[in-house]
Structure formats: structure tokens, C-alpha cells
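Beneath this line is the structure, given in C-alpha cells, with notes to follow.
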Amino acid sequence: MGNAYYKQNSIGECIYYYEKSLQLDPNNEYDKIGFTSVNIFLQGPTDVGTIYNSKKEINKVGQIAIFGSRLVHSVPPNPYNNVRISMAMDVYTDPRQFQLYKDYPQRFYHVQ
């Protein structure tokens with residue numbers, strides 16, 4: 001979310017969402033473990049939310065959550081008939097992790 005506001009030159013909003021991401025995952029160890037998790041909420045009931053470190057966060061359409069892969073997170077069951085759609089990605093930044101791409105080319109997309 002912070003990146004979207006940055007691209008719109010809304011620096012205050014950018015800083016707010018960056019600081020919020022640090023609150024969600026203050027011990028982000030993505031540099032140590034080699035990858036970052038990314039969730040993007042695209043559609044559906046927002047009040048179902050997503051749980052990060054036992055704390056419920058209400059979703060917003062277009063919201064991007066970026067956090068270290070060790071952060072415990074989950075989505076509660078959807079009690080509505082409306083479909084919830086989100087996208088999750090793991091972003092590998094450590095070149096040692098690129099072996100996964102070579103071993104499983106059908107599962108990973110490598111961007112240089």
C-alpha cells in the first residue's frame with residue numbers, strides 16, 4: 001500500500017503504511033531468510049479480515065501487506081456468500097534461494 005501512495009507522490013500516506021507494516025511485523029527477518037511474503041486483497045467482504053500475529057486487520061480492496069515469511073498469519077473462514085479474492089506471493093531476494101527456480105521451473109517465475 002505504501003508503494004502505491006509513493007507512486008502517487010502521497011508521501012505522508014506512504015510513511016503511514018510503511019510504519020503500519022513495521023507494526024504488523026516488527027521482527028521482519030526477510031534479509032536473513034531470503035524471502036518476503038506479499039498478500040494483496042482484491043475483492044470481497046472486507047470485515048472478514050486477515051490475522052497477523054494474533055491481531056485481526058480489516059482488509060481494504062487493493063491493500064498490499066508485505067511481511068517476513070516467519071510472521072504467523074491466517075484468514076478466518078468467510079461466513080458470507082460473496083467470494084473473497086486475494087493473491088499471495090513469496091518474493092525471494094537471496095540468490096541462494098534461486099535454486100528453487102531451477103529445481104521447480106513450473107512452480108516459480110524468475111524476474112531479474
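In the set K60, K56, only one residue is modelled with pLDDT of 90 or more and either assigned to a strand (DSSP E or B) or surrounded by 15 or more Cβ atoms within 10 Å (Cβ to Cβ) (or both); that residue is K56.
For the range 61-73, the set of residues classified as under 19 Å from F35 (Cβ atoms) and not β-branched (V, I, T) consists of A65, F67, G68, S69, R70, L71, H73, listed by residue number. Scanning the range 26-49 for residues that are at pLDDT 90 or above and in contact with an Asp or Glu (Cβ under 9 Å, 6 or more places away or on another chain) returns a single hit, G49. So, G12, is that one at positive phi and either outside any loop (DSSP other than H, G, I, E, B) or at pLDDT 90 or above (or both) or not? Answer is no for this residue. Among the residues of the range 73-86, just one is of a type in the set (A, V, I, L, M) and loosely packed, with under 10 Cβ neighbours inside 10 Å, namely V83.
The values are calculated or read from the model by the stated rules, or taken from the named source; none is laboratory data. Predicted model only: the values in this text are computed from it and were never measured. Cβ atoms come from the backbone with ideal geometry, glycine included; neighbour counts cover every protein chain shown.
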